[in-house]
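Student: Below is a structure I'd like to ask you about.
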Amino acid sequence: MSKVLFVYAKGGPPLGYALSRVAARSAVHLLALSALPPTVAASADRLCASVLSPSEPERRDLVSLIVSRAQAVGADAVVTFSEYAVVAVAEACEKLGLAGAGGNCALARDKRMMRRTWQEQGISQPRFRPVATEQDLHDAAAALRFPLLLKAAWSAGSTAHRTLRRPDEVPAAWARAREVMAESAQLGYAELHVADAGADFLVEEIVQGTASEWFDQEGWGDYVSVEGVVVDGDFRPVCLSGRMPTVEPFTERAGITPAALPHDAQRRIVALARDAVDALGLRNCGTHTEIKLGADGQMWVIETAARFGGAMTIPQIEEVFGLDLIGMLTDHLLGREVSWPTEARTPQEADGAAGSLVVLAVDGAGEAWPDRRLWDFPTVREAVPVSAGSRLSVVAENSLPDGTLVPVYDPAAGANTMAALCLLSAADPETVIRDFRTLVDALPKVLPHGTTEAQS
């Protein structure tokens, strides 16, 4: 039987979901670089041939650790679905002679190298500057046009994003962004392979997006993601996911599959995504490419990842398009024949729609809730009306236990201050948008009252 080394770290699709798909294709040996979610620990023992949680000293040379573990278990493939481990796994696969993202994987991880590569290829993107010091940020602010967005080069989930509207905001933005990267590292949301990655930043101009010229319905955000895969260097688009508007500065609130776009718009978006992915020279991996939508058909590539989209993006694709992308990629890495889509699936090919909502303590306008509340999904399920035929559930692995105080939203910390992740299945994307807007409006009213003392 084939053997797969599954390198787990925080981020990516829920571990329970991903693990079950890989285990259906092969014997699985789990290398846990992060603590396993309590909701998954028991099933991991059942699904895996072995589970190893290395010590801190063993993790200091992560590539060597992955290589030695793969050799010890006789792995035929090595997989990871975490942004924070993709570079290490790609380098380990190169050393092992196994299929993987390839030697250019870091180009899809370090936003500075990614942007320079696209700049050299003439690919549409916001103007940017890499920054490593506060003085660099002052210099970049003098060269670029406000408003600006400061972001960490190795972050994910909109962590450490800071908006700058004036030059005098530079010192505070720089200090807070660095603080958040340090806090994220303590929570396990940090690059695992590159030393001092939390000190690397870039700043970019905030381009003016619009959703109304692309979508017929209100409630959509002004950017989409193209989900895909690279197979032996060939980019295969799978589908487009849409968003609700982000929360200040650019924290994702909800992702919806499929994005309800006309065929011509989807075709042009996929073409830009293909250019962006091709420029990076990836070999064998999932891809997740975010594209900002502007007026008069303008588009800008924001970033690409050498892994599948996180949160519930991949489960949503399986639900509405019947494609088990994790299982398919596992088969491909094991050398098996896989029937990949030749073109991105369209909304007309979808069986209903699905969306995932990040529960943040802000209302539909992005304003903070007036008081503190406790997360309690049974209350939400009973008190919030969704459309006939819609099904609302909670992703326990990515949610706080019921009765936990909902964190105060911190714009700099982004998704680090989420309380829960909810999944909705519905008849069509428009219904997902409508039900999520209802849910966002209802949460600060129906959740039980809480106090800061409730946490202790």
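Student: Compute the Cα gyration tensor for the stretch 170-300, then decide on rounded, prolate or oblate, letting a ≥ b ≥ c be the square roots of its eigenvalues: rounded whenever a/c is under 1.5, prolate when a/b is larger than b/c in the other cases, and oblate in all that remain.
Tutor: oblate
Student: I'd like the Karplus ³J(HN,Hα) series for the stretch 328-344: coefficients 6.51, -1.76, 1.60, θ = phi - 60°, whole numbers in Hz, and an x wherever there's a Gly or Pro.
Tutor: 5, 5, 4, 4, 4, 5, 8, x, 8, 6, 10, 8, 7, x, 8, 9, 4
Student: Quick one: dipole size for the stretch 117-186, taken about the Cα centre, charges +1 on Lys/Arg Cβ and -1 on Asp/Glu Cβ, in debye to the nearest 20.
Tutor: The calculated dipole for the stretch 117-186 is roughly 240 debye.
Student: At 0.36 nm per residue, minus the direct Cα-Cα distance, what do residue 343 and residue 212 gain on full extension? Give it in nm, one decimal, please.
Tutor: Computed gain between residue 343 and residue 212 is 44.6 nm.
Student: Where the centroid of each part is defined by its Cα atoms, how far is the stretch 289-334 from the stretch 136-163 in Å?
Tutor: 25
Student: Moving to a separate point now. Would the stretch 47-138 count as rounded, prolate or oblate if I go by the C-alpha gyration tensor, calling it rounded below 1.5 in a/c and otherwise prolate when a/b exceeds b/c, oblate otherwise?
Tutor: Prolate shape, in that a/c is at least 1.5 and a/b is the bigger ratio.
Student: Also, quick follow-up: Tabulate in residue order the Karplus-calculated ³J(HN,Hα) for the stretch 278-291, using 6.51 cos²θ - 1.76 cosθ + 1.60 with θ = phi - 60°, rounded to whole Hz; enter x for Gly and Pro.
Tutor: Whole-Hz 3J(HN,Hα) from phi for the stretch 278-291: 4, 5, 7, x, 6, 10, 9, 5, x, 9, 9, 10, 9, 10.
Student: Moving to a separate point now. Add +1 for every Lys or Arg and -1 for every Asp or Glu among the other residues with Cβ under 9 Å from the Cβ of residue 221, and state the total.
Tutor: Result for the neighbourhood of residue 221: 0.
Student: Additional query: Return the calculated 222 nm mean residue ellipticity for the chain, to the nearest 500 deg cm²/dmol, obtained by summing -39500 (n - 2.57) across DSSP H runs with n ≥ 4 and dividing by the residue count.
Tutor: -10000 deg cm²/dmol
Student: Here's another thing I want to ask about it. Just check the stretch 352-456 against the gyration tensor rule for me: Cα atoms, a ≥ b ≥ c as the square roots of the eigenvalues, rounded for a/c under 1.5, and otherwise prolate or oblate depending on whether a/b exceeds b/c.
Tutor: Prolate.
Student: So for the chain, if I pair up every lysine 8 or more residues apart or on another chain, how many of those pairs have alpha-carbons under 18 Å apart?
Tutor: 4
Student: Between residue 178 and residue 363, what length comes free when the chain is fully extended (0.36 nm per residue of separation minus the Cα-Cα distance, one decimal in nm)?
Tutor: 63.9 nm
Student: How much length, in nm to one decimal, is gained on full extension between residue 64 and residue 49, taken as 0.36 nm per residue of separation minus their Cα-Cα distance?
Tutor: Result: 3.3 nm gained on full extension.
Student: Which ³J(HN,Hα) values in Hz, rounded to whole numbers, follow from the phi angles of the stretch 371-377 under the Karplus curve 6.51 cos²θ - 1.76 cosθ + 1.60, where θ = phi - 60° and Gly and Pro get x?
Tutor: 8, 7, 10, 9, 6, 7, 5
Read the figures in this text as sums done on the coordinates, not as results from a lab. Source: prediction; values computed, not measured. Counting neighbours? That spans all protein chains shown, and the Cβs are built from the backbone with ideal geometry, glycine included.
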